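Structure, as structure tokens:
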Amino acid sequence: MKNLVHKAAALLLAALLVLGTAACGEAPAKTEPASQPAKTEADTKAPSTEPQTTEAPATEPPTAEEPTTAAPALVSGRYDLFDLPMNGGTETVEKYAANGLYYFLVIEDGGKGYLHNAGEENEITWNEKSINVGGSDASYKAEDGVLTIYRKNQPYQLYRLSDEPAPARGETMKKVLGLFRTDEITLENVTLADTADYTIAVKGITPPKKPYDPYTLVLSLTSKYAGDKLGFSFTHVVINGITIPADLSSCSCSVNPGETKEYELKLSLDTMKKAGVGDPTRIDLYTRVKPDYQPKDMFLDYLTLYPLGEDKAETVTRQAGGKDQLIEDNDKIRLSFIGITGPDIINYYHICFWLENKTDTVACSQVFIHTINGTDASFFSTDEIAPHSACMLEAFMSPESLNGLVPEAITDIAFSFDFSTNSVNPKTITEGEYSFKP
């Protein structure tokens, strides 16, 4: 579900690209994460890749009238996107901003500038008649601090001159992505495990460059096994002490005997930011190696790497927020409700919990929402969590399933919680039934 959010955002960004240039690249295939709502097959379909430009009423033309005379010289400065009249209007822009997606133009003297398009930046050239991004020309009108851009047969966009100073190139991208100490990454061609049957090495790390790019570990997997293919899987990782689910579409692969395969393990930037892990300084990979079609593992444990060097390893401790409510605290776990967020880019809301595993066991946790305001619900979250680690749990809710409720109107939530061993035959470690008022 988490990656569905990311993927849908990438598709919508392409539809909103101001001048027809490429928007954020498609996000990695999801993580369909371990957390996911119970919903119908129809609910799980990703939004259409076609631009969301539904036919306008007969009283409103599909595109605005383009200016027929030369536009006055543009005033230099930052222009923020504030309205998409044919794509949801101001509400769409506000939703994108709430999800960390920013769109603005910077007009510079001398016919230059750049477009910041939700994490991508493209150079702009302009004159008194047109504006050009990436080789695509459009006409424009500048009037009373509002810049309207017209592209033939496309919805138009409105930008407003901002009082904020224009940021330098790359400055907003750092704000969106967080501060990764990319230049300090020392991890390259490091062997993590080497046995008579297999070798696992890290070739390098690719930090994200756009808001929905993953944080990617590039691994080298070698099978020396004389029998069947060897299967390698990495279902979760621990970053700075916090468990993060791996992208389920890229968390396992098989390698033929005598072969080496390059493999990319992708971690969701959005999940990392929500969990507050910061810049990864220590990564523990939960690694399983076993021959395909055989039940016995050759290896099942954590492999540890230090992207910036072992001397810079840090452990992150979450600070309690104002909406936190302690649900359960015993010798096995500590569970807190930490808030309801949303709507996200595809209009889902998230009931969020923070879980701490106090045991020595890799466990599987499940939150199942039974009722909201006394009305039956069916939302759940299932995640693996490492020993002596913490993680964020999210139960996803569609607007339809909430029957029109907004988070502010939710006054009571009832749910059950199960915490079990992560095994073929799981054993319950602790469980309970709870209700609380958000």
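The values are calculated or read from the model by the stated rules, or taken from the named source; none is laboratory data. Note that the structure is predicted; figures quoted are calculated from it, not measured. A quick note on method: Cβ atoms are made from the backbone with ideal geometry, for glycine too, and the neighbour counts reach across all protein chains shown.
Check the stretch 159-171 and report whether any residue there is in contact with a Gly (Cβ under 8 Å, 6 or more places away or on another chain), at pLDDT below 85 and under 28 Å from ASP213 (Cβ atoms). Checking the stretch 159-171: not a single residue is in contact with a Gly (Cβ under 8 Å, 6 or more places away or on another chain), at pLDDT below 85 and under 28 Å from ASP213 (Cβ atoms). Residues that are surrounded by 23 or more Cβ atoms within 10 Å (Cβ to Cβ) and either without any contact (Cβ under 8 Å) to a residue 24 or more places away in the chain or more than 23 Å from GLN319 (Cα to Cα) (or both) within the stretch 360-376 comprise ALA363, ILE372, listed in sequence order.
For the stretch 196-246, the set of residues classified as in a strand (DSSP E or B), of a type outside the set (Gly, Ala, Ser) and farther than 27 Å from ASN357 by Cβ consists of TYR198, THR199, LYS203, THR206, VAL218, LEU221, THR222, LEU230, listed by residue number. Remark: pairs (first residue in the stretch 293-306, touching a residue at least 40 places away in the same chain (Cβ under 8 Å) and closer than 18 Å to LYS229 by Cβ; second residue part of a strand (DSSP E or B) and of a type in the set (Val, Ile, Thr); Cβ separation under 6 Å; 6+ apart in sequence or on different chains) = MET298/VAL289; PHE299/VAL289. Here is the figure for the stretch 329-357: residues that are in contact (Cβ under 8 Å) with a residue 60 or more places away in the chain and of a type in the set (D, E, K, R) total 2. The criterion of being surrounded by fewer than 18 Cβ atoms within 10 Å (Cβ to Cβ), acidic (Asp, Glu) and closer than 30 Å to GLU433 by Cβ holds for ASP331.
Candidates are the residues of the stretch 116-155 that are among the polar types (S, T, N, Q) and out of contact with any strand residue (DSSP E or B) (no Cβ under 8 Å at 6 or more places or on another chain); the one that is nearest to TYR79 (Cα to Cα) is ASN127. Among the residues of the stretch 283-304, those that are surrounded by 13 or more Cβ atoms within 10 Å (Cβ to Cβ) and out of contact with any Lys or Arg (no Cβ under 8 Å at 6 or more places or on another chain) comprise ILE283, ASP284, LEU285, TYR286, THR287, ARG288, VAL289, ASP301, TYR302, LEU303. Only one of the numbered conditions (1) in a strand (DSSP E or B); (2) under 16 Å from LEU81 (Cα atoms) is violated by ASN132, and that is (2).
Residue by residue, here is whether (1) of a type outside the set (Lys, Arg); (2) crowded, with 16+ Cβ neighbours inside 10 Å holds:
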site	(1), (2)
LEU217	yes, yes
LEU221	yes, yes
VAL237	yes, yes
GLU262	yes, no
LYS266	no, yes
ASP270	yes, yes
VAL277	yes, yes
THR281	yes, yes
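Identification of strands (runs of 3 or more DSSP E) wholly contained in the stretch 362-431 with 3 or more residues that are at pLDDT below 85 yields 375-385.
One residue stands out in the stretch 256-272 among those that are more than 14 Å from TYR215 (Cα to Cα) and in contact (Cβ under 8 Å) with a residue 40 or more places away in the chain: the one that is nearest to the chain's Cα centre (by Cα), namely GLU262. The single residue among ASP344, ASP383 that is surrounded by 15 or more Cβ atoms within 10 Å (Cβ to Cβ), more than 19 Å from GLY241 (Cα to Cα) and acidic (Asp, Glu) turns out to be ASP344.
The test for being closer than 25 Å to ILE429 by Cβ, assigned to a loop (DSSP other than H, G, I, E, B) and touching a strand residue (DSSP E or B) at 6+ places or on another chain (Cβ under 8 Å) holds for THR359.
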